[in-house]
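Notes follow the structure.
The values are calculated or read from the model by the stated rules, or taken from the named source; none is laboratory data. Bear in mind the structure is a predicted one, so any value in this text is a computation, not a measurement. Positions of Cβ are backbone-derived with ideal geometry, glycine not excepted, and every protein chain shown enters the neighbour counts.
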Amino acid sequence: MITKKQVLEGLETVLVPGVMQSVVKMNLVRDVNITDGKIDIKLASAALAPGAQEWLKDKISSAAGSLAGVNEVNINVVDGNPKDLNDIGQVIAIMSGKGGVGKSLVASLTAVALARSDYDVGILDADITGPSIPRMFGITGHPQGNETGILPVTSKLGIEIMSINLLLPHEDDAVIWRGPLIGRAITQFWEEVLWGKLDYLVVDLPPGTADAPLTVLQSLPVSGIIIVFTPQDLTTMVVKKAVKMARQMDKPIIGVVENMSYFLLPETGKKIELFGKSRGEEMAKAAGAPLLGTLPIDPALAKLCDEGNIERYDSEIYNSFVQNLTGILQNGKKPAKKQQRR
């Protein structure tokens, strides 16, 4: 006898147009009833254009109908909105006390690390006036959707991404908005984007402690914060500001990352500390959180980011960061990996 589990496994092959994730992963299959070889499926219409809805109905009918023991498939499209359909395990915010420290880079590398560890991952680019995530992933397409919401754009590794740059006519168009509009855009990215089922959503915060970071920490169920800094004299002050904000908002700091920690001479392997002596351990102590990594200035990484190929990056130092990050997350509340969930 056909089971609901078998039906859902069969529907994993049906990909949602525009996001290229399965209809099951996007949490659009709301109910499956099976009676004497007849399958009734409820499909949510959230963020799906009319053409996409009809296309999915045909594909779902074909996939379910091909299962042994199935005589009839009926599909009923029901109303739905992303806010009610999204199922996100943990939200990790990447924060810095000041700009120019490589926060977006660390956010991207964090998402890539989790995706390589076989988790379902998304990136919410909350840096509305300085978005850079799509460029690093080589994404230029525009999101699709309907009046209820929009679909994220998916990277080569399957990371779901939403950024204001994906909605602009040109990626170099300036977003000249005041605080309330920026806050509203961030809230919309959380509530009106169909993220579906994710183990982790990485949020790239804008620098500082003003309106936009405050919106994220107040409006989103942030599970933990990673603070990014560079080894400069003013680091202590700006990191402590970020730490105090996190504590005042009652958000745990799961780790700190020192970026641009040094440059490694390729000829000799000697470390050159361009911005001064490492302050990683000092900042970890100030934050009361582990040091996840000290990332160097790596021309190879910079080149991959410029080319939109950050997902190809690999190095011994990065692998150490990955091990530290996943180790910390595994010691907390760890979402089941996708093979275990489905």
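Can you find, within region 295-308, the residue that is surrounded by the most Cβ atoms within 10 Å (Cβ to Cβ) among those that are under 13 Å from Leu109 (Cβ atoms) and within 22 Å of the chain's Cα centre (by Cα)?
Among those residues, the one meeting the criterion is Leu295.
Of the numbered conditions (1) outside any strand (DSSP E or B); (2) crowded, with 20+ Cβ neighbours inside 10 Å, Trp177 fails exactly one; give the number of that condition.
The number of the failed condition is (2).
Inside region 243-257, can you point out the residues that are under 21 Å from the mean Cα position of the chain (by Cα) and either surrounded by 16 or more Cβ atoms within 10 Å (Cβ to Cβ) or not in a loop (DSSP other than H, G, I, E, B) (or both)? First the steps, then the outcome.
So in region 243-257, the residues under 21 Å from the mean Cα position of the chain (by Cα) come out as 246, 251-257.
Once the filter is applied, which keeps residues that are under 21 Å from the mean Cα position of the chain (by Cα) and either surrounded by 16 or more Cβ atoms within 10 Å (Cβ to Cβ) or not in a loop (DSSP other than H, G, I, E, B) (or both), region 243-257 yields Ala246, Lys251, Ile253, Ile254, Gly255, Val256, Val257.
Which of (1) touching a strand residue (DSSP E or B) at 6+ places or on another chain (Cβ under 9 Å); (2) within 15 Å of Val16 (Cβ to Cβ) does Asn146 not meet, given it meets every other one?
Of the numbered conditions (1) touching a strand residue (DSSP E or B) at 6+ places or on another chain (Cβ under 9 Å); (2) within 15 Å of Val16 (Cβ to Cβ), the odd one out for Asn146 is (1).
Under 28 Å from Gln188 (Cβ atoms) and modelled with pLDDT under 95, is that true of Val14?
When the stated conditions are applied, Val14 does not pass them.
If you scan region 143-174, which residues turn out to be farther than 18 Å from Cys305 by Cα, outside any helix (DSSP H, G or I) and of a type in the set (Val, Ile, Thr)? Steps first, answer last, please.
First pass over region 143-174, keeping only residues farther than 18 Å from Cys305 by Cα: 143-152, 164, 167-170, 173-174.
Keeping just the survivors that are outside any helix (DSSP H, G or I) gives 143-152, 167-170, 173-174.
Once the filter is applied, which keeps residues that are farther than 18 Å from Cys305 by Cα, outside any helix (DSSP H, G or I) and of a type in the set (Val, Ile, Thr), region 143-174 yields Thr148, Ile150.
Return the only residue of Asn74, Asn81 being farther than 28 Å from Arg178 by Cα and of a type outside the set (D, E, K, R).
On inspection, the qualifying residue turns out to be Asn74.
Any residue that is part of a loop (DSSP other than H, G, I, E, B), in contact with a strand residue (DSSP E or B) (Cβ under 6 Å, 6 or more places away or on another chain) and crowded, with 21+ Cβ neighbours inside 10 Å - is there at least one of those in region 263-286?
no
Closer than 26 Å to Ala44 by Cα, at pLDDT 95 or above and not in a loop (DSSP other than H, G, I, E, B) - does that describe any residue in region 103-121?
Yes, the conditions are met somewhere in region 103-121.
Give region 180-231 a look and list any residue that's assigned to a helix (DSSP H, G or I), buried (at least 18 other Cβ atoms within 10 Å of the Cβ) and under 15 Å from the mean Cα position of the chain (by Cα), or say none.
If the condition is that a residue be assigned to a helix (DSSP H, G or I), buried (at least 18 other Cβ atoms within 10 Å of the Cβ) and under 15 Å from the mean Cα position of the chain (by Cα), then Ile186, Phe189, Trp190, Val216 are the ones that fit.
Kindly indicate whether Ile139 is under 21 Å from Asn309 (Cβ atoms) and not assigned by TED's automatic domain parsing to the domain that holds Met20.
Against the criterion (under 21 Å from Asn309 (Cβ atoms) and not assigned by TED's automatic domain parsing to the domain that holds Met20), Ile139 qualifies.
Would you call Phe321 part of a loop (DSSP other than H, G, I, E, B), under 28 Å from Met237 (Cβ atoms), touching a residue at least 12 places away in the same chain (Cβ under 8 Å) and hydrophobic (A, V, I, L, M, F, W, C)?
no
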